[in-house]
Amino acid sequence: FVAGNGWRCHAGFRRNGDLCEALAVPLNGVIRGNQWYCNAGWRRVGDRCDRITVPANATLRGNSWRCNAGFRQKGTTCMPVTVPANAVGRGDRWTCKTGFSRLRDSCLQVNAPANATVRDNEWVCNAGFRKNGEGGCKAVVAPANATVRGDGWTCNPGYVRTENDSCRKIG
């Protein structure tokens, strides 16, 4: 058919020089414009459409498949995801519940030392304390004319911090 200053082939035909040749569409194929594609559930392999084999615990997705929630793909199969105690399955993975931390294939309870609180999957020192490098929390000691803030301290208004970590009056 005429198209602008030239011509094009009708759907189901492909231009070959000055001719329009019919597309050879395999079984379970469909024509879209001047190309052919395999129907859903079938995959193009060369000039044919092969049926997609969907393993147990999987769902067909167009021209492929995906494992269902709670399963993980391993080769051409879907293996169940093992969710350990104190964990929650999410799709093909798992995460530890609040208050527990992952260690390889398990979730261990997070134990907070004195002057600390468990947040999500770890512990943090309470305000006025900071980690001491030994698995605990030590009190923040502020010099004269300073105020403890979080895990540190700042000089009070009218004072500035000096190189030796004290507060000197301005002016």
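The values are calculated or read from the model by the stated rules, or taken from the named source; none is laboratory data. Everything quoted here is computed from the prediction, not taken from an experiment. Positions of Cβ are backbone-derived with ideal geometry, glycine not excepted, and every protein chain shown enters the neighbour counts.
Just one residue in the set ASP18, ASP50 is acidic (Asp, Glu) and either touching a helix residue (DSSP H, G or I) at 6+ places or on another chain (Cβ under 7 Å) or closer than 30 Å to PRO80 by Cβ (or both); that residue is ASP50.
For the stretch 52-105, which residues satisfy the criterion of being aromatic (Phe, Trp, Tyr) and closer than 18 Å to ASP120 by Cβ? Across the stretch 52-105, the qualifying residues are TRP94, PHE100. Got a sec? Which of ALA24, ALA85, ALA40, ALA69 is at pLDDT 95 or above and either of a type outside the set (Ser, Thr, Tyr) or over 23 Å from the mean Cα position of the chain (by Cα) (or both)? Among ALA24, ALA85, ALA40, ALA69, only ALA85 is at pLDDT 95 or above and either of a type outside the set (Ser, Thr, Tyr) or over 23 Å from the mean Cα position of the chain (by Cα) (or both).
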